[in-house]
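No lab work stands behind these numbers, since they all come straight from the coordinates. In this text, all values refer to a predicted model and were calculated from it rather than measured experimentally.
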Amino acid sequence: MAFDGIRDYVSYLEAHGEICRVKRPVNPVLEIAEIADRMVKSYGKALLFENTSTKFPVLINAFSSDTRMSAAIGRANPAEVARELLYVFENMSGKRGMIEKLSGLPQMMRLLNLSPKRRSGRGRCQEVIMEKPDLSLLPVLKCWPYDGGRFITLPLVHTKHPVTGKTNLGMYRMQVMGSDSTGMHWHRHKTGARHYQAWKEEGKRMPVTVTLGGDPVYTYAATAPLPENIDEYILAGFLRKKRVEMVRCLTNDLWIPADSDIVIEGFVDPSEETVVEGPFGDHTGFYSLEDKYPVFHVTCITHRRDAVYPATVVGVPPMEDAWIGMATEKIFFAPLKMAIAPEILDIHMPVSGVAHNLVLVRIDKTYPGQGMKVLNALFGAGQMMFSKYIVALSNNVPLNDYRKVAESIFENVRFNRDILILNGPLDVLDHSSDTFSLGGKMGIDATIKMPEERDRSINDNPEAVSNDFTLTDDIVAGLKSLSDISLPVILISVKKPSEGFNMKELVSILPGSLRNEGVYSIAVDNGADTNDLMMISWLILGNTDPSRDFYRLEKGGIFIDATSKSFSLPFFSRRWPNVVSSDRETVELVDRRWSEYGIGDFVASPSLKLFGLIQPGGAAVDNKQATT
């Protein structure tokens with residue numbers, strides 16, 4: 001199913017009871033984000049804000065349900081796409097190279113015949129041309145209090161390579177710097193950054209065009225983990241079962257979807273100095289901090305007469321991007337299975353892992369060492385290289401049953417036998433590693449062990465964790481045992497003094513019952529809700545470097561330091577980012593106005609549970625100044 005722009009998609013959502021229209025005036029600065037955060041975490045509807053003090057309404061939470069996500073990619077559900085791709089890949093085994101495979105199958109030829117179609121003339125996206133391009137006329141959001149400014153959060157960024165002519169569609173946040181300029185936040189691992197470097201080497205100005213909206217499938221395609229030589233609009237055509245019509249931009253030679261809602265044309269000059277961009281409350285649930293990025297200069301803005309401005313908010317999970325990630329793990333499971341590890345039965349990235357911190361893999365295990373084999377293969381597979389933790393599980397474990405996943409880990413894993421620790425590339429937004437975009441990674445073989453894999457020197461029947469213990473150190477603010485749900489875990493709430501604290505001191509006073517094989521002690525910051533296991537898992541996955549923060553104790557127990565590394569000794573070498581949260585003023589404003597929005601029963605702010613984790617210092621804490 002194809003949609004003719006966002007208005008068409010909104011009509012579909014209304015027909016299916018999936019959207020609320022908000023007629024009350026709202027402020028794009030902080031207010032919209034706070035409303036959207038409440039709705040997405042309560043699994044509410046999409047929102048169309050019709051009065052934004054601009055001529056453009058704002059659509060948000062457009063993807064945050066299974067129904068909306070499926071509609072956005074033009075299918076009944078993502079599994080339908082996965083079945084088609086699996087059929088294709090299973091029938092490619094006789095072909096040798098990828099080009100031969102693509103050209104040798106009728107199914108793939110059908111996909112290739114859905115490549116974008118260029119046409120002459122203007123598209124609907126060019127019905128209105130701004131006399132003078134002015135980004136202030138768009139309802140660009142400021143989402144969180146410590147954001148460096150307003151950010152375009154769903155930009156579809158079009159670039160091409162200056163030598164090969166290969167095009168790319170990516171999504172890179174854009175901080176508005178002025179009426180006709182933004183930052184261009186493309187990470188070093190992304191295709192847009194490689195195109196930028198190529199233009200720099202050519203000594204030429206780089207054409208860039210950003211589109212907003214159009215068929216929502218374009219937004220999904222821009223996020224999809226495609227190989228660099230595959231046109232994202234081929235995937236879009238395949239999903240919507242209709243070719244994407246492209247028109248030429250007015251001030252550069254790039255081509256864009258004719259049904260886009262808003263088009264921002266311009267260029268990046270690689271000879272210019274980069275500028276400071278950020279901070280930004282990111283999808284990790286922490287602020288990504290200031291850094292230097294290129295400047296995007298706007299030369300033209302056009303739009304449809306009925307244009308809608310699309311936006312999203314990211315922050316502490318779950319957020320809207322979680323549904324995009326769930327679609328991706330289903331759609332791209334087939335090529336991963338066929339190309340990397342055929343024994344993989346299922347793959348899942350829990351929401352608390354924010355896409356790159358945790359991957360669960362269920363395998364058909366038939367020989368000893370197979371779990372480790374899969375772990376090694378995945379850490380080198382495409383964008384899987386950014387994964388911090390990968391867990392291999394046996395075929396009897398449903399990956400979306402986190403209780404059973406946890407039980408399998410605690411039952412089957414012994415640290416000196418089943419753990420793979422290595423150093424490698426991390427997502428540039430990972431804040432826990434000592435080195436930017438490089439740090440520790442952990443593979444966990446939680447499969448049932450075969451006789452050949454068992455080491456008689458390892459106790460495979462560890463003692464149950466005891467509740468009979470005390471910790472009297474002033475650093476410990478609270479203790480919580482998870483023995484009530486049969487997990488051998490103790491959560492230790494830690495309050496570090498401002499002069500700093502070395503976690504080894506806490507390790508040294510752990511009682512004997514917490515040092516036994518199979519017992520896990522996990523330190524979290526005081527202020528974390530130890531009754532909210534999703535919050536705890538998010539903090540563990542986000543705040544740890546596996547090569548630094550795991551301690552194996554003398555009796556075999558494991559201690560994990562999942563606290564923030566601010567106020568830690570020795571000093572953490574980088575600035576530690578704050579948790580993303582609304583401020584109290586915005587929370588109180590939305591509380592007062594909730595009944596006026598007309599979007600259903602009152603929903604309390606998710607930020608209320610986060611205030612205890614916020615540290616002084618703005619978007620980040622400078623560890624070296626923490627003791628002054």
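Summed over qualifying helices (DSSP H, 4 residues or more, each -39500 (n - 2.57)) and divided by its residue number, the chain shows a 222 nm mean residue ellipticity of -7000 deg cm²/dmol. Compared with the dominant Cα axis of the chain, that is its longest principal axis, helix 584-597 is turned about 60°. Distant-in-sequence amide contacts of residue 254, defined by a placed amide H-H separation under 5 Å and a gap of 5 or more residues or a different chain, comprise 249. Structure note, pairs 480/555; 166/242; 365/441; 292/565; 45/160; 190/373: Cα-Cα distances above 31 angstrom occur for 45/160. Hydrodynamic radius of the chain by the Kirkwood approach over all distinct alpha-carbon pairs: 25.9 Å. Among beta bridges identified by DSSP and lying wholly in the chain, the antiparallel ones come to about 70 percent. If one computes the Cα centroid of segment 27-58 and of segment 392-438, what distance in Å separates the two points? Going from one Cα centre to the other spans 36 Å.
Applied to segment 57-70, the Karplus parametrisation 6.51 cos²θ - 1.76 cosθ + 1.60 on θ = phi - 60° returns per-residue 3J(HN,Hα) values of x, 10, 9, 9, 6, 6, 10, 8, 7, 4, 5, 5, 5, 5 Hz, with x for Gly and Pro. Is the shape of segment 338-393 best called rounded, prolate or oblate, per the rule: a/c under 1.5 gives rounded, else a/b larger than b/c gives prolate, else oblate, with a ≥ b ≥ c the square roots of the Cα gyration tensor eigenvalues? Judged from the Cα gyration tensor, segment 338-393 comes out prolate (a/c at least 1.5, a/b above b/c). Phi angles of segment 539-552 translate, via the Karplus equation with coefficients 6.51, -1.76, 1.60 and θ = phi - 60°, into HN-Hα couplings of 5, 4, 5, x, 9, 10, 10, x, 7, 10, 9, 9, 10, 9 Hz per residue; Gly and Pro are given as x. Annotation: aspartates and glutamates with alpha-carbon distance below 18 angstrom to residue 117 (same-chain offsets under eight excluded): 4, 215, 231, 232, 245, 253, 259. In order along segment 14-30, the Karplus-derived 3J(HN,Hα) couplings, from 6.51 cos²θ - 1.76 cosθ + 1.60 at θ = phi - 60°, round to 5, 5, 10, x, 10, 8, 10, 8, 10, 8, 5, x, 10, 9, x, 8, 6 Hz, and Gly and Pro are given as x. May I ask for log10 I(q)/I(0) of segment 340-453 at q = 0.11, 0.13, 0.17, 0.21 Å⁻¹, from a Debye sum over the Cα atoms as equal point scatterers with solvent left out? So the normalised log intensities work out to -0.32, -0.45, -0.78, -1.16.
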